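Asker: What follows is a single structure, and I will ask about it in a moment.
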Amino acid sequence: MLKENLEFESLTYETLGNTKERKEHFFKFVESGFPSKKLEDWKFSDLKSIINKNIKELKFGFNTIENKSYNLKFIKNFEHSKIVILNGEFLSADILDIDKNKIEIKNENLIFSESLNEPLNNLNKAFASKLIKLNVLEGKIVEKPLVIYHICDLDSETNLINTRFELTLHKNSSLSTLNLFEDKSVSGFNNHNFNIVINKNSNLKNYIFDLNKNQNLRYSFTNIDIYENGNSENFIYSSGSKFSKYEINSNLKEKYSSAFINGIINLDKNNHHEIKTNINHLGENTKSYQLIKSVLNDKSTGVYQGKIFVNDQAQKTDGYQLSKALLLNENTEFNGKPELEIYADDVKCSHGSTSGNLDENSIFYLMSRGLNYDQAKKLLIDGFINDVIEKITNIEIQKYLKEVIN
Amino acid sequence: MLEINNLEAGIDNKEILKGLCLKINPGEVHAIMGPNGSGKSTLSNILSGKKGYEIKGDVKFENSNLLDLEIEERAHKGIFLAFQYPLEIPGVNTNNFLKTSLNAVKKAKGEKELDAIEFLKLVKEKSAQLKFDQNILSRQLNVGFSGGEKKKNEILQMSILNPKLSILDETDSGLDIDALKIVSDGVNSLRNTNNSFLIITHYQRLLNYIKPDFVHVLKDGKIIKTGNFELALELEKQGYESL
């Protein structure tokens, strides 16, 4: 798949620049290839073989959205500002009047630093054309949610999308954002890189919905740095794509910062999704909370790897993690790997993990009230995931999710 | 209404019911008493359709062969089982569940389903009739309910679904005297000439509140004695061993 004689130069658009650096990242990527299960972090999701199986030939290259327009159905359920990203590139933004002058959007050239260690980050840096940069200005409370529509509409040119995104909340600001994945094409690989900074006293609600059935393979890496008294609320609804690995690195850098990561993996067919979290408690009195529930149908596979790290400075840390999986038949698989690594002595950390089938006695109870098997099953599954959905504190978005999944 | 002939049932090669016969007419209240392990709960499970039993015999409910019907079809035809241990269903709102349940039954009967407003009106009316507090309805189904609240919820479900035959499986277990009285009053207020009750219990206590027309003693998988309320009093004094 990775041809030695691949001529990177011939792929490069003059206007992108940084050819030397991009080339370096690309060759580094070619050296390592896609991560396989030999790597500890990838042992439950062997991306190399998943890509080989699902994509005949990965076409490395840049996307162009010139002369492309996109007829998109925007969400009608609630009022919101919009950013549209088409095939990894910034297409348009429409910020509501009420929130104008609070948000700044830029489309900048990539910054190339030295690090060449992460294969997928190398791939991303080689091909992401721009860095989409979003700033919420100091002291600004953004009132309405910002929905980022990630549209994947590939043609024959390439089946690889690399998106690079940076979001900064300056001091005393707040924002609710919904990343919505909308995929029209078949079997591409989406490689997203999000870098988020939440400064002092700021609050970001970051929701990620992968709802609609599609054949895409997706990897998302999000790094979040949270400073004093800052709060990061994340919710992932992981369902539509053929393969998805959503990785969040959350650094609680200063005192009283907090991170919430809640998620639902809801799969059928032979789809395979993973949520991987890494929470680093680095300051005193920091708090993290994670609740992940998986519902697995057909021959699907769910994975949750969650790590809580507490360094020796992070006294009074409060860390919590719970994973529950519902395996609806014997061909499904769930892998959970909870990890605690603690170097401070005055902390409160706990984790739990359960997996099981639908309770037959509960089914009997509901059916004895006149519900048929499918209704009873649906009610139990809805009930199972309902408490995770109710963790979404933006009520409009919570309501929207409930509506679309019913 | 219900006619059981020579019912045999077992589970995992263990015989539990060994030729049980019982006939219940509309408007009648029957009580089945018996020691532990006599097959009381097996009988209520089989009547409501729980899977996993090997069954022989014949059970007629009105004009249909009950054993051929699925669990939910039995509910549609008017059989209701008040559980000894109602299950906790996390994440499911009691009100929504009740509405789904009632509309499933109505749909099967070819009746018009109720909308949210009509349903709330019905629930309000039934709660008032049973003198139950409505607040349990906004909570998750049976989750964190006290023993008394769970049983009240069962009776409320019963009143809303308005079944022809209600089976009360040890409804008195885990209830204090006050709760027992409230639950019994609820059941009594639902009695009429068209619907019937089958009350399964260890103790005569419940029958002081819900007066049965017939009392049957179930022992070793068979009904060994049938009488009226006096039989229950006699059993209370002398125990099952004397029979």
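Asker: Using the beta-carbon distance between A:Asp312 and A:Asp41 and R0 = 25 Å, what value does 1/(1 + (r/R0)^6) give for FRET efficiency, to the nearest 0.05? Please report the intermediate quantities before stating the final value.
Answerer: Working: r = 24 Å, r/R0 = 0.97.
Working from the Cβ atoms, E equals 0.55.
Asker: For the residue pair B:Asp12 and A:Lys144, what label-to-label distance in nm results when each label sits 7 Å from Cα along the Cα-to-beta-carbon direction?
Answerer: 6.2 nm
Asker: Contour minus end-to-end for B:Tyr203 and B:Asn188, with contour as 0.36 nm per residue of separation and end-to-end as the Cα-Cα distance?
Answerer: Details: separation 15, 0.36 × 15 = 5.40 nm, distance 1.81 nm.
Length difference between fully extended and current span is 3.6 nm.
Asker: Shape call for chain A from the C-alpha gyration tensor, a ≥ b ≥ c root eigenvalues: rounded (a/c under 1.5), prolate (a/b greater than b/c) or oblate?
Answerer: Numbers: a/c = 1.37, a/b = 1.20, b/c = 1.14.
Note, shape of chain A comes out rounded.
Asker: How large is ³J(HN,Hα) for each residue in the range B:187-203, as worked out from phi by the Karplus curve 6.51 cos²θ - 1.76 cosθ + 1.60 (θ = phi - 60°), to whole Hz, x for Gly and Pro?
Answerer: Result, rounded to whole Hz: 4, 4, 5, 9, 5, 8, 6, 9, 10, 10, 10, 10, 10, 9, 7, 7, 10.
Asker: Right, another one. Report, in listed order, any pair from B:Lys121/B:Lys152; B:Lys109/B:Lys164; B:Lys18/B:Lys181; A:Lys144/A:Lys378; A:Lys242/A:Lys287 with a Cα-Cα distance greater than 23 Å.
Answerer: Numbers: B:Lys121/B:Lys152 19 Å; B:Lys109/B:Lys164 13 Å; B:Lys18/B:Lys181 34 Å; A:Lys144/A:Lys378 32 Å; A:Lys242/A:Lys287 33 Å.
Result: B:Lys18/B:Lys181; A:Lys144/A:Lys378; A:Lys242/A:Lys287 exceed 23 Å.
Asker: Could you list A:Asp210, A:Asp382 in order of exposure, starting from the residue whose Cβ has the fewest other Cβ atoms within 10 Å?
Answerer: Details: A:Asp210 26, A:Asp382 17.
Least crowded to most crowded, the residues run A:Asp382, A:Asp210.
Asker: With label points built 7 Å along Cα→Cβ from the Cα atoms of A:Glu114 and A:Ile342, find their separation and express it in nm.
Answerer: 3.6 nm
Asker: Continuing with this model, one more query. Using the Cα centre of the range A:8-354 as the reference point, and only Cβ charges (+1 on K/R, -1 on D/E), how large is the resulting charge dipole? Debye, rounded to the nearest 20.
Answerer: Values: 44 positive and 45 negative charges, 104 e Å.
Charge dipole, the range A:8-354, about its Cα centre: 500 debye, nearest 20.
Asker: Turning to a different aspect of this structure: Give me the percent of DSSP beta bridges within chain A that run antiparallel, rounded to the nearest 5. Write out the running numbers ahead of the final one.
Answerer: Values: 11 of 142 bridges.
Roughly 10 percent of the DSSP beta bridges within chain A come out antiparallel.
Asker: Choose one of A:Gly188, A:Leu154, A:Gln375: the residue whose Cα lies farthest towards the positive end of the charge dipole of chain A (beta-carbon charges +1 Lys, Arg; -1 Asp, Glu; about the Cα centre).
Answerer: Farthest towards the positive end: A:Gln375.
Asker: Too long at a 18 Å Cα-Cα cut-off: which of B:Lys23/B:Lys150; A:Lys200/A:Lys307; A:Lys53/A:Lys269; B:Lys99/B:Lys124? Don't jump to the answer; show the numbers that get you there.
Answerer: Numbers: B:Lys23/B:Lys150 29 Å; A:Lys200/A:Lys307 24 Å; A:Lys53/A:Lys269 15 Å; B:Lys99/B:Lys124 13 Å.
In this structure, B:Lys23/B:Lys150; A:Lys200/A:Lys307 lie more than 18 Å apart at Cα.
Asker: Quick check: from the Cα gyration tensor, does the range A:85-167 come out rounded (a/c under 1.5), prolate or oblate? Present the calculation step by step, with values, prior to reporting the outcome.
Answerer: Values: a/c = 2.97, a/b = 1.55, b/c = 1.92.
Note, shape of the range A:85-167 comes out oblate.
Asker: I would also like to ask the following. Any idea what the dipole of the protein assembly as shown comes to, in debye rounded to 20, about its Cα centre with Lys/Arg Cβ at +1 and Asp/Glu Cβ at -1?
Answerer: 760 debye
Asker: Any idea what the relative contact order of chain A is, in percent, if you count C-alpha pairs under 8 Å spaced at least 6 apart? Display every interim value, and only then the final one.
Answerer: On the way: 1011 pairs, mean separation 37.3, N = 406.
Reported as a whole number, the value is 9 percent.
Asker: Now for a separate question. Residue farthest toward the positive end of the dipole of the protein assembly as shown, with Cβ of Lys/Arg at +1 and Asp/Glu at -1: which of B:Val29, A:Ser350, B:Gly144?
Answerer: Result: B:Val29.
FYI, it's all coordinate maths here, none of it is from the lab. Here the structure is a predicted model, which means the values were calculated and not measured. For neighbour counting, all protein chains shown are included, and Cβ atoms are generated from backbone atoms with ideal geometry for every residue, glycine included.
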